[in-house]
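S.K.: Structure provided below as structure tokens; questions to follow.
Just so it is clear, none of the values below were taken in a lab; they were calculated from the coordinates. Small disclaimer: the values here were computed from a predicted structure and weren't measured. Here the Cβ positions follow ideal geometry from the backbone for every residue, glycine too, while neighbour counts run over all protein chains shown.
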Amino acid sequence: MKNTAKVSKTLRGALAVGFFSTMLTLVGCDRVATGELQAGQSTVADMKLKMGEPASVNREGDKEIWEYPLGPEGTRTYMMTVNAQGTLEKIDQVLTDANFKRVTPGMTITEVRRILGRNSKEQRFGMTPNELTHKYKFNNGTEDLYFDVTYTADGRVKETGYDTFTLQRGSSR
């Protein structure tokens, strides 16, 4: 009976470690999903401690928008609004259908980046070498997909669309 209790305790410990490891893998370094950063409470110092330096910072009036892409193959990109007092005011996960719909023909690469953040991948096709496609990996709630933004030679949006083919065939393009 003693050996059974000891094995049971060891097994429970191993299961707990396995569960914790799985949760860390699923959440990764996403300090927002874990609740470690909170709008109205966290400061710039908290953000830097938990997330590191942002990929970019844009000013909008007296506020700053800090970009945190969780990638290159992550499915979330956060835009965090910091007020003039250095407090995190708002957290937006920007890789959403609503934001994809905001990207329209004629927009510049800079305008798109302000909406969606940094792209996951980029590619050019042999048939249209002057065009550039930026790919944004995201999760629609059931599966990972790519949202593609194709730019003309002058850096303006030509078209957008969803790419499921790349993920289905496991391409590294």
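S.K.: Taking residue 50 as the anchor, which aspartates and glutamates have their alpha carbon closer than 13 Å to its alpha carbon, excluding any fewer than eight residues away along the same chain?
M.R.: 30, 36
S.K.: For the range 116-160, evaluate the Debye formula with one uniform point scatterer on each Cα (no solvent term) and list log10 I(q)/I(0) at q = 0.19, 0.28, 0.32, 0.33 Å⁻¹, rounded to two decimals.
M.R.: Debye output, listed in q order: -0.59, -1.01, -1.16, -1.19.
S.K.: Would you mind checking which residues have amide H under 5 Å from residue 76's amide H? H placed 1.01 Å from N; only 5 or more apart, or other chain.
M.R.: 70
S.K.: Along the range 141-157, what does the Karplus equation 6.51 cos²θ - 1.76 cosθ + 1.60 (θ = phi - 60°) give for ³J(HN,Hα), rounded to whole Hz, x for Gly and Pro?
M.R.: x, 10, 7, 7, 9, 10, 9, 10, 10, 9, 10, 7, 4, 8, x, 10, 4
S.K.: Related question: Each label point is 7 Å from the Cα along the Cα-to-Cβ direction; what then is the distance between the points at residue 81 and residue 57, in nm?
M.R.: Result for the modelled spin labels: 1.8 nm.
S.K.: Another question, if that's okay. At a temperature of 25 °C and a viscosity of 0.890 mPa s, determine how fast the range 52-130 diffuses translationally according to Stokes-Einstein, using the Kirkwood radius over alpha-carbon pairs as Rh; express D in µm²/s, rounded to the nearest whole number.
M.R.: 177
S.K.: Kindly give the semi-axes, whole Å and largest first, of the ellipsoid equivalent to the range 30-93, taking each as the square root of 5 times a Cα gyration tensor eigenvalue.
M.R.: Rounded to whole Å, the semi-axes are 18, 13, 10.
S.K.: Moving to a separate point now. For the range 46-59, just list the computed ³J(HN,Hα) in residue order, Karplus coefficients 6.51, -1.76 and 1.60, θ = phi - 60°, integers in Hz, with x standing in for Gly and Pro.
M.R.: The phi angles translate into 4, 4, 5, 5, 7, 10, x, 6, x, 5, 7, 9, 10, 8 Hz.
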